[in-house]
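Notes for the one structure printed next.
The values are calculated or read from the model by the stated rules, or taken from the named source; none is laboratory data. Remember, it's a predicted structure, so these values are computed and weren't measured experimentally. Glycine also receives a Cβ, built like all others from the backbone with ideal geometry; neighbour counts cover every protein chain displayed. Just so you know, the surface numbers come from the protein's heavy atoms only, side chains and all, with ligands and any DNA or RNA stripped out. Shrake-Rupley method; radii C 1.70, N 1.55, O 1.52, S 1.80 Å.
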Amino acid sequence: MKTRILPGTDLRISEVCLGTMTWGEQNSEREAHAQVDRAVDLGINFIDTAEMYPAPPRAQTQGRTETFLGNWLATRGRQGLVVATKVAGPGRREWIRGGRTDLTRDVIAEACETSLGRLRIDCIDLFQIHWPQRNVPMFGARFFDPAQEREGPGIAEQVEAMGSLLRAGKIRHWGLSNETAWGIGAFSRTARELGLPGPVTVQNGFNLVSRAAEYQLAETLYREHVSLLAYSPLGGGLLTGKYLGGARPAGARFTEYSNFTARFGTPLAREAIEAHAELARQRGISLAALALGYVRSRWFVAAMIVGATSVDQLEANVAAARCELDAETLSGLEAIFERYPSPAA
């Protein structure tokens, strides 16, 4: 497993980050702990979670994922693991803090304390804003609608809240998630104006059928010294190949929660996935290796977040993530992109 220093920090992270959002929904605590054990054996030292998890989110399960990870950390020790979590944004989940989800200074501080308690640690390595406070198209939405504007805490208040947590030693660094180029620039600029550390990462979806980060965010990432943590590098599992030809394996995520990953299952996205699968066959590699190899090859990606529902699946994904794509394969991917430009963005 290759590691790198996360730019702008002193954190050395593995290029594969263990995703956890199935823990507490599709995975029991015992299964979650087995995944962490095996991930550590495989050289993964970076784990991402969120106060909202597991997903799909429900009031009855919210917070379980952090609790499962915290119980592992309490019994096994931190072992040099880099732990990232996220504070939920406004709306969507009225059961979080009784509906108090506007990203005020107090809410961000409370969320951090609650996550620290569940994780059973005294400092979070990377604390992220899960989705923006402001009106932004996200989670498959494409178009900005000014009619959806609403009042709420501004960017300066959110940056100051992170600065307070940094000074208190509650977090080491902070980042964004599901953000736009405008948002990354605004947070970074505001932090400079306030004399505070800015975001070091943005966690957005990025995969072969959703490459928007490449043409919408890349310049901003470069100029603001922010790195991408790529979630859904396997397109919600559809880029593993197990759903090819319309297959619906029993117990698989898209089979059980098709609405949660609907943008990856559109006819055009499925057509694009079939085209990528054919290229993988021609190149003699798995579709998963093609998908993860591509994400790994992008200069702006610091780590790809790979989840699993079993240890076997985790091992297969880590093996696929080691794939290094040659020039001919990359050229083939660009030809597919010309025909199917980000059908699941």
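Per the conditions (1) buried (at least 17 other Cβ atoms within 10 Å of the Cβ); (2) assigned to a loop (DSSP other than H, G, I, E, B); (3) without any contact (Cβ under 8 Å) to a residue 40 or more places away in the chain, the sole criterion not satisfied by residue 47 is (2). The selection criterion, being touching a Leu at 6+ places or on another chain (Cβ under 9 Å), more than 24 Å from residue 226 (Cβ to Cβ) and surrounded by fewer than 19 Cβ atoms within 10 Å (Cβ to Cβ), does not hold for residue 298.
For (1) closer than 29 Å to residue 201 by Cβ; (2) touching a residue at least 60 places away in the same chain (Cβ under 8 Å); (3) within 16 Å of the chain's Cα centre (by Cα), each residue gets a yes or a no:
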{"site": "277", "(1), (2), (3)": "no, no, no"}
{"site": "287", "(1), (2), (3)": "yes, no, no"}
{"site": "301", "(1), (2), (3)": "yes, yes, yes"}
{"site": "304", "(1), (2), (3)": "yes, yes, yes"}
{"site": "307", "(1), (2), (3)": "yes, yes, yes"}
{"site": "310", "(1), (2), (3)": "yes, yes, no"}
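Taking residue 201, is it open to solvent by 10 Å² or more (accessible area, probe 1.4 Å) and either polar (S, T, N, Q) or in contact with a Cys (Cβ under 6 Å, 6 or more places away or on another chain) (or both)? No: the conditions fail for residue 201. What is the residue count in the stretch 50-72 for residues that are open to solvent by 10 Å² or more (accessible area, probe 1.4 Å), hydrophobic (A, V, I, L, M, F, W, C) and in contact (Cβ under 8 Å) with a residue 40 or more places away in the chain? Number of matching residues: 2. Of all residues in the stretch 13-43, those that are farther than 14 Å from residue 66 by Cα, surrounded by fewer than 16 Cβ atoms within 10 Å (Cβ to Cβ) and either within 18 Å of the chain's Cα centre (by Cα) or hydroxyl-bearing (Ser, Thr, Tyr) (or both) total 0.
Taking the criterion of being surrounded by 14 or more Cβ atoms within 10 Å (Cβ to Cβ) and part of a loop (DSSP other than H, G, I, E, B), the residues of the stretch 136-166 that qualify are 136, 138, 140, 152, 153, 154.
Among the numbered conditions (1) at pLDDT below 95; (2) over 24 Å from residue 213 (Cα atoms); (3) of a type in the set (A, V, I, L, M), the only one that residue 136 does not meet is (2). If you check residue 38 against the conditions, is it touching a residue at least 24 places away in the same chain (Cβ under 8 Å), part of a loop (DSSP other than H, G, I, E, B) and closer than 27 Å to residue 12 by Cα? No: the conditions fail for residue 38. Residues in the stretch 221-269 that are under 22 Å from the mean Cα position of the chain (by Cα) and among the basic types (Lys, Arg) were compared, and the one that is modelled with the lowest pLDDT is 253. Given (1) under 28 Å from residue 48 (Cα atoms); (2) touching a Pro at 6+ places or on another chain (Cβ under 9 Å); (3) open to solvent by less than 10 Å² (accessible area, probe 1.4 Å), where does residue 242 come up short, assuming only one miss? Unmet for residue 242, out of (1) under 28 Å from residue 48 (Cα atoms); (2) touching a Pro at 6+ places or on another chain (Cβ under 9 Å); (3) open to solvent by less than 10 Å² (accessible area, probe 1.4 Å): (3).
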